[in-house]
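What follows is one structure encoded as structure tokens, with my remarks underneath.
The values are calculated or read from the model by the stated rules, or taken from the named source; none is laboratory data. None of these values were measured; they are calculated from a predicted model. Cβ coordinates were reconstructed from backbone atoms using ideal geometry, including for glycine residues, and neighbour counts include every protein chain displayed. Accessible surface is based on the protein model in full, side chains and every heavy atom, while ligands, DNA and RNA are left aside. Shrake-Rupley method; radii C 1.70, N 1.55, O 1.52, S 1.80 Å.
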Amino acid sequence: MLAELHQFLDLKTLIWLFPIIFIFHDLEEIITIESSMDTNKYPKTNFVEMTLRMRQKLGSSAAQLAVSATWILLIISFTAVMTAKFASSGEGFLMFTAILNLFVLQASMHIVQSIKFRAYTPGIITALFLLIPYCLVTYYFSAESGLLEWQLIFTSLPVSLVMIMVFLVGNLLGRYFIR
């Protein structure tokens, strides 16, 4: 089935889809974040309480999330441009892979939150139907083209951790500009 996707997609197209997939996912989060913060509709478990406290600290209004998403979108867009430019030579693929790893992590967190909350959580729909399929297809195309090898995956994991901190700057900007 994945081989049949070659008639519709190639790796460069997937690289250019990177920021677009992020935009769709974050739009779902921005649109639904405020209505989901009503703590009365979730079970009172330690995980739920901790998650809701973390959302409050990181910025839980749609406007704060929009500022954060803009920051992340700038980084993802720059990464997509640089990766597309150097994709044929295999350079510039480390950052792309690191952020792709974060997409998988974020999609996984949405799934865990929905299971633990026993309810809809912002971003779960696009995580299931956009993020996860996109990441799997992109990993497949990258590996098939010889650009994604185990060494790159292992090298990208620490970069992914650093990128979490870089992305959290967007949350700080959202809290600073939108009070």
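Observations, loosely collected:
- Karplus (6.51, -1.76, 1.60) ³J(HN,Hα), θ = phi - 60°, over segment 119-129, in Hz, Gly and Pro reported as x: 6, 5, 10, x, x, 5, 5, 6, 5, 6, 9
- For the chain, the mean residue ellipticity at 222 nm estimated from helices alone is -25500 deg cm²/dmol, where every DSSP H run of n ≥ 4 contributes -39500 (n - 2.57) and the total is divided by all residues, rounded to the nearest 500.
- Tilt relative to the chain, helix 46-58 - C-alpha long axis, 0 to 90 degrees, to 10: 80 degrees
- Accessible surface of segment 55-179 [probe 1.4 Å, protein heavy atoms]: carbon and sulfur percent: 73 percent
- When segment 77-179 is described by a simple charge dipole with +1 on each Lys and Arg Cβ and -1 on each Asp and Glu Cβ, the residue from L105, L157, A119 located farthest towards its positive end is A119.
- Unit charges at the beta carbon, dipole of the chain: most positive-side option, Y134, Q64, F93: Q64
- Here the Karplus curve 6.51 cos²θ - 1.76 cosθ + 1.60, taken at θ = phi - 60°, turns the phi angles of segment 75-82 into couplings of 5, 5, 5, 4, 4, 5, 4, 5 Hz, with x standing for Gly and Pro.
- Computed packing ranks the peptides 65-77, 9-21 as 65-77, 9-21, most packed first, by mean other Cβ atoms within 10 Å.
- Excluding ligands, DNA and RNA, the accessible surface per residue across the chain is 56 Å² with a 1.4 Å probe.
- Rounded to whole numbers, the Karplus 3J(HN,Hα) couplings from phi for segment 8-25 are 10, 10, 9, 4, 5, 5, 5, 4, 5, 6, 3, x, 5, 4, 4, 4, 4, 5 Hz, using 6.51 cos²θ - 1.76 cosθ + 1.60 with θ = phi - 60°, and x at Gly and Pro.
- Under 5 Å between amide hydrogens, built in the peptide plane, is the criterion, and for T121 it picks out nothing among residues at least 5 positions away or on other chains.
- Working from Cα pairs under 8 Å separated by at least six residues, relative contact order for segment 81-179 is 33 percent.
- Placing +1 on the Cβ of every Lys and Arg and -1 on the Cβ of every Asp and Glu, with nothing else charged, gives the chain a dipole about its Cα centre of roughly 760 debye.
- For percent of Cα pairs over 29 Å apart, the candidate list reads (1) 29; (2) 20; (3) 24; the entry that matches the value derived from this model is (3).
- Sorted on the mean count of surrounding Cβ atoms within 10 Å across their residues, most packed first, peptides 100-111, 161-172, 78-89 read 100-111, 78-89, 161-172.
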